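The values are calculated or read from the model by the stated rules, or taken from the named source; none is laboratory data. Since this is a predicted model, take the numbers as computed values, not measurements. Note that each Cβ is placed from the backbone with ideal geometry, even for glycine, and that neighbours are counted across all protein chains shown.
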Amino acid sequence: MTTARIAFAVLPSRLIAGIEARTGPITEVASVREGYNSEIAARIRCATGSYFVKGLQESHKRAWTQAREAEINPHVAGLSSALRWHLTDCGWDLLIFEALDGHHADYSPGSPDLRAVAALLTSVARTPCPDLGLRPVSDRLKGYVSKPSDTSRFEGDALVHTDPNSTNVIVTGSAAKLVDWAWASRGAAWLDAAYWVIWLVATGKHSPASAERCASGVPGWRAAPSVAVTAFAEAKANYWDEVAGPDPDPFAAGVRAAACQWAEYRRGA
């Protein structure tokens with residue numbers, strides 16, 4: 001499910017010139033290995049500052065996600081890095097963001113980053129959901145629920161990022177920022193905390209009980225009906241089982257195991 005990464009240096013010279021026309025001459029390029037959805041991901045340093053460049057070829061099946069990120073960025077100011085330019089040329093679609101100075105969130109038990117992430121997800125849930133035709137989470141998960149009526153449990157008018165994995169959370173000082181808004185959706189205010197639980201188990205190596213204690217730092221989670229959370233856990237276990245398939249890569253296998261572990265825990269709760 002990961003996208004093959006392409007070196008920044010192989011971009012067409014005209015495209016690089018277009019970047020430099022906006023940023024000034026590039027003096028340093030550092031490839032970014034983290035992340036799963038971009039063909040180009042690099043941090044560039046210029047006289048005017050440092051920027052993060054991400055992109056896909058316009059022929060890529062997920063090229064639409066570039067436009068989604070560009071249109072939602074003004075609505076998540078303060079929660080994410082600021083988009084400076086959206087450039088399409090030479091068959092490429094690039095987004096150029098102000099670079100964030102920080103580190104990817106540490107999701108392990110006892111990490112000082114956990115409190116900052118809970119505060120971030122609280123702020124996301126309280127941010128007005130923009131009128132951009134965001135797909136409802138209930139629609140995203142309708143093919144994975146145990147019974148069709150479960151989709152109604154995910155409905156709501158809150159903004160939902162849907163992918164708070166640790167590579168999408170940058171901790172800067174005592175605060176955290178959330179990047180990669182391509183899959184932003186609309187739904188219940190507790191959903192991002194629920195998505196976070198899976199990543200706490202998968203990459204932080206929490207037990208489901210420990211992960212849920214972390215999620216309880218998000219007010220929306222504390223108000224979530226238990227039956228709705230269980231329905232979500234089961235749906236995501238089904239989703240990751242499909243994504244992983246019969247011969248999964250280590251990443252997908254790990255997330256599937258985490259989602260299934262949480263769903264089993266919820267059934268016994």
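Structural remarks
- Selection within segment 11-60 - exposed (fewer than 13 other Cβ atoms within 10 Å of the Cβ) and either assigned by TED's automatic domain parsing to the domain that holds Pro246 or within 19 Å of the chain's Cα centre (by Cα) (or both): Arg33, Glu34
- A residue that is in the same structural domain as Asp241 (by TED's automatic domain parsing), over 18 Å from the mean Cα position of the chain (by Cα) and touching a residue at least 40 places away in the same chain (Cβ under 8 Å) occurs somewhere in segment 169-177.
- The condition (being under 24 Å from Ile198 (Cβ atoms) and not small (Gly, Ala, Ser)) is satisfied by just one residue among Val53, Val76, Val10: Val76.
- Residues satisfying the stated conditions in segment 80-104, i.e. under 25 Å from Leu159 (Cβ atoms) and among the charged types (D, E, K, R): Arg84, Asp93, Glu98
- Residue identified as in contact with a His (Cβ under 9 Å, 6 or more places away or on another chain) and charged (D, E, K, R) among Asp113, Asp157, Asp139: Asp113
- Screening the candidates Gly173, Gly254, Gly204, Gly187 for the property of being of a type outside the set (Ser, Thr, Tyr) and touching a Lys or Arg at 6+ places or on another chain (Cβ under 9 Å) yields one hit, Gly187.
- The set of residues from segment 66-91 being under 19 Å from the mean Cα position of the chain (by Cα), among the hydrophobic types (A, V, I, L, M, F, W, C) and not in a loop (DSSP other than H, G, I, E, B) comprises Ala67, Ala70, Ile72, Val76, Ala77, Leu83.
Here is a yes/no grid of residues against (1) charged (D, E, K, R); (2) closer than 15 Å to Asn165 by Cα:
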residue: Ile72; (1), (2): no, no
residue: Arg84; (1), (2): yes, no
residue: Glu98; (1), (2): yes, no
residue: Leu114; (1), (2): no, yes
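- Selection count, segment 119-137, where residues are polar (S, T, N, Q) and surrounded by 21 or more Cβ atoms within 10 Å (Cβ to Cβ): 0
- Single residue of segment 1-10 satisfying the filter (part of a loop (DSSP other than H, G, I, E, B) and surrounded by fewer than 12 Cβ atoms within 10 Å (Cβ to Cβ)) that is modelled with the highest pLDDT: Ala7
- Tally of residues being in contact with a Phe, Trp or Tyr (Cβ under 9 Å, 6 or more places away or on another chain) and either at pLDDT below 95 or not in a loop (DSSP other than H, G, I, E, B) (or both) across segment 206-218: 6
- Residues that are among the β-branched types (Val, Ile, Thr) and buried (at least 24 other Cβ atoms within 10 Å of the Cβ), drawn from segment 179-202: Val197, Ile198, Val201
- Close Cβ contacts (under 6 Å, 6 or more residues apart or on different chains) running from residues in segment 147-162 that are of a type in the set (Phe, Trp, Tyr) to residues that are outside any strand (DSSP E or B) comprise Phe154/Val137; Phe154/Ser138; Phe154/Ala188.
- Taken together, the residues in segment 203-223 that are within 16 Å of Gly187 (Cα to Cα) and buried (at least 21 other Cβ atoms within 10 Å of the Cβ) amount to 3.
- Scanning segment 159-195 for residues that are hydroxyl-bearing (Ser, Thr, Tyr), farther than 20 Å from Cys129 by Cβ and part of a strand (DSSP E or B) yields a single hit, Thr172.
- Scanning segment 227-245 for residues that are farther than 21 Å from Lys142 by Cβ and in the same structural domain as Thr162 (by TED's automatic domain parsing) turns up nothing.
- On inspection, Arg256 fails the criterion of being assigned to a helix (DSSP H, G or I) and at pLDDT below 95.
- Filtered residue count, segment 242-253, keeping only those that are surrounded by 17 or more Cβ atoms within 10 Å (Cβ to Cβ) and either at pLDDT 95 or above or under 20 Å from the mean Cα position of the chain (by Cα) (or both): 2
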